[in-house]
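The values are calculated or read from the model by the stated rules, or taken from the named source; none is laboratory data. Model, not experiment: these values are computed from the prediction. Neighbour counts are summed over all protein chains in view; Cβ atoms, including those assigned to glycine, are modelled from backbone coordinates with ideal geometry.
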């Protein structure tokens, strides 16, 4: 276990998620080309030109030179060599892999300027206006890039300076198909701790063994144990209350695209999602009562930029997570609780012409192992520990979501009953739960298909809860 320390709070932008793609054939052979997918002039999925050739291509048919191979299914695999791919239009066919490989030296999306270095053995002036460049992260461009070339000029030995314009995944996938899932390894994450004494474990927790098939499917685990300022200027009470716990996840990025044999991006179907298993645990001890001072405590900021290879084209998924602790108290309780829950989650979006962009979310959970619980007092405590996530493509604004496993503790002390003075027992309960809420912003749909939805689409809220423990309280004296 590696211990890291840090201080300070910061606001989130986060994720992680996810991923997605763009690519074309794996060789400059015409049979491996894909048609370019384009949006309507207004960007509306409701307007498109007719496609007289639709439905004429079938699985197993061969493509003629200069035409798109609409039956081509592109593999989705993890990794990336560090070099960028270059695709080019040829006649009416878009997304033809030129076979040229360059390294992105610099890229400024604001000024739309880029510099590439040509690999040894390749032509020094290989790029043309209209080419689409898909680049994985490099040391100088850590988030990768996807752009169309609008201008070319020499920048010295084996280097070319480019002016650029935004491009979409549909520009390189066209009428092809692709579908796959790629795990995100623990080593892919950078972690900026915001809480003193945050523990981080990369790989399997608890000393477990990984079988050979597990590969990168290992969890990233963050744990903490801290005093939480609940009582505003009363340090003797703050010292008595400790809240600790851990969050562990094993994420995967999934992507699918089907151009359906046409050159119209709005006819395509596409989906992007971050999914995987998780475990969350809580250790609560001490008095908690209203008013609380810090209902939301950022614990750490995490970021990863995994590369998904779609055919020969590297696609960069932007995953940003901020692990937060949210504490809500109503009343006055004394607790000594330790509980663990686990389950699965899915955060994503999908597009079809018929439905437009829709949320694709799921969250569930159940108890893990045997926990302990002692509760007294009267009131309710809710402690949420999970990530605020941002999932995008090539660092575009995409899906924002809050995934929140939580623990809810409630105690009721009814007091005296009626004029007889009969004393009644109170009751307490502990529940586990999970909530998932999210929204989709316009830039990621534009990056995928070149189609802009409304500025923000809200996804349906998902909430699930299950009992963990319960008991009785002695009557009031």
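Which of the residues that make up region 243-268 are at pLDDT 85 or above, in contact with a helix residue (DSSP H, G or I) (Cβ under 9 Å, 6 or more places away or on another chain), crowded, with 23+ Cβ neighbours inside 10 Å and not in a loop (DSSP other than H, G, I, E, B)?
Across region 243-268, the qualifying residue is only 257.
Strands (runs of 3 or more DSSP E) wholly in region 52-137 with at least 2 residues that are farther than 20 Å from residue 316 by Cα, at pLDDT 55 or above and touching a helix residue (DSSP H, G or I) at 6+ places or on another chain (Cβ under 6 Å) - which ones?
none
Please work out if residue 400 is at pLDDT 90 or above and either crowded, with 18+ Cβ neighbours inside 10 Å or not in a strand (DSSP E or B) (or both).
Yes.
Is it the case that region 440-448 has a residue that's in contact with a strand residue (DSSP E or B) (Cβ under 8 Å, 6 or more places away or on another chain), at pLDDT below 90, surrounded by 15 or more Cβ atoms within 10 Å (Cβ to Cβ) and part of a loop (DSSP other than H, G, I, E, B)?
yes
Given the structure, is residue 369 more than 30 Å from residue 270 (Cβ to Cβ) and in a loop (DSSP other than H, G, I, E, B)?
Yes: the conditions hold for residue 369.
Can you confirm whether region 157-170 contains a residue that is within 20 Å of the chain's Cα centre (by Cα) and assigned to a loop (DSSP other than H, G, I, E, B)?
Within region 157-170, one or more residues are within 20 Å of the chain's Cα centre (by Cα) and assigned to a loop (DSSP other than H, G, I, E, B).
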